[in-house]
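Enquirer: So that we are looking at the same thing, I have put the structure below in C-alpha cells.
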Amino acid sequence: MEATGLVEKIQELTDLELAVASNVFGLSHAVVHCNKSTTLEDFSTGILVDGRPGGIDHEDSGKDLELDHGSSRRSRSTSPVKYNSGREDRGIANIVIISGLPMASEQTQIQALENDHIFISHYHDPEDGFANLEEGSEWIEDDRASLSSVVHRKVVPDALFANQPAFFLQEEVRSLTDLSQTVTVSAEVKAYLQNLITFLRMHRAVGGGISPRATQHFDLLVRCLAPLHGLEFVTPSLVSLATRKIYAHRITMTSAENERSMQYGSDLAAVSSILDGLRPEDVIDDVLQQVEAPL
C-alpha cells in the first residue's frame, strides 16, 4: 500500500482506537481495573493473555505496556513483579489498559510504573469522552462497577472480532517500519533531541528515569512518528510529542531532601515549596519551554 493510503487509514482512527483496539493492529491487550484491594498477584495475573503476544516482533515484544499514569511517582522498588503465570502459553499483553491505578496499593503502583521496558504511555481523560462507546453500554457499566472488584477481564468477547481481520495488515505495518528506517533527521533536530534529554536529566525535580533505554526508545519513536504523519523527515513538533510519550511514565520525582541544591545550603522549606505538586508532565512542559526548538 502507498504511504499516502496508510496515513489516510491512520487519520480515520481515534486516539483510543490507535491505543487499544485489538482489531486495528492485531495486538493483544488486557484490561485491569484497580482498587484498594488490588494485590501484586492480581495485577501481574491481570496483564497476562493466552498465547504469544501479537504484533511485530522486536526486542521488547510483549513488554510494551500502555499505562494510566495519573498516579504520583514514588521511589523505586528493588523487587520487580514476577510475571510467572505457571503456563508457558501465557505472556504479557502488548497493550495494558489500567483504570483506578491511584487507588491501588503503593507497592502495586510502583511496580506498575517501574518498568524501563515500557515503550510509550498514553493517558485518556474520561472528560474527553469515549468516541466508540454509548451511555449504558457494557463497557461503561462494567467500569462503574469496577470499584467492587479487583480485576475485570475484557467485557467484549474476542469471539466478536474472531472473523474480523486487523484494520492494518502485517505487511502494512512492516511498510511503516521500513519507512521509519529511511526517515531523515537533520543535525539541528538531533541536537534538539539531545538537549531535551540533557535538560530532563538535569532538571531539579527529576530523581531518575532518563535512562539509556529511554533514549533508544525516544530516537525510535521520533522516527516512527514521521511516516504516521506522512512525512519523510522528523520535525521539532514530532520530537516534542515523542518526549511526552516516552518520559511521562519514566520520570521519578526527587524528594526535597535529595534535591541537588540542598548540597549547597538551600532552605528545605523553600525547596519543598518549589517541588510541591510537581508531576512528570510538569517537568516535561518546563523543559520543552526551556529548550529552543530549531526553525
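The numbers here are math on the coordinates, done by the rules we state, and not lab data. Model, not experiment: these values are computed from the prediction. Cβ coordinates were reconstructed from backbone atoms using ideal geometry, including for glycine residues, and neighbour counts include every protein chain displayed.
Enquirer: If you take the beta carbon distance between GLU281 and VAL7 as r and set R0 to 25 Å, what does 1/(1 + (r/R0)^6) give as a FRET efficiency, to the nearest 0.05?
Expert: 0.35
Enquirer: Give, rounded to the nearest 20 debye, the magnitude of the charge dipole that region 166-248 has about its Cα centre when Lys and Arg contribute +1 at Cβ and Asp and Glu contribute -1 at Cβ.
Expert: It works out to roughly 500 debye.
Enquirer: Hey, another quick one. Given R₀ = 35 Å, what would the calculated FRET efficiency be for GLN263 paired with GLU172, taking r from the Cβ atoms and rounding to 0.05?
Expert: Details: r = 53 Å, r/R0 = 1.52.
Approximately 0.10, to the nearest 0.05.
Enquirer: Mind jotting down the distance between the C-alpha centroids of region 167-204 and region 227-287, whole Å?
Expert: Each part's Cα centre sits 19 Å from the other's.
Enquirer: From the residues PRO280, ASN195, ALA270, which one has its Cα farthest along the dipole of region 181-290 in the positive direction, the dipole being from +1 and -1 charges on Cβ of Lys/Arg and Asp/Glu about the Cα centre?
Expert: ASN195
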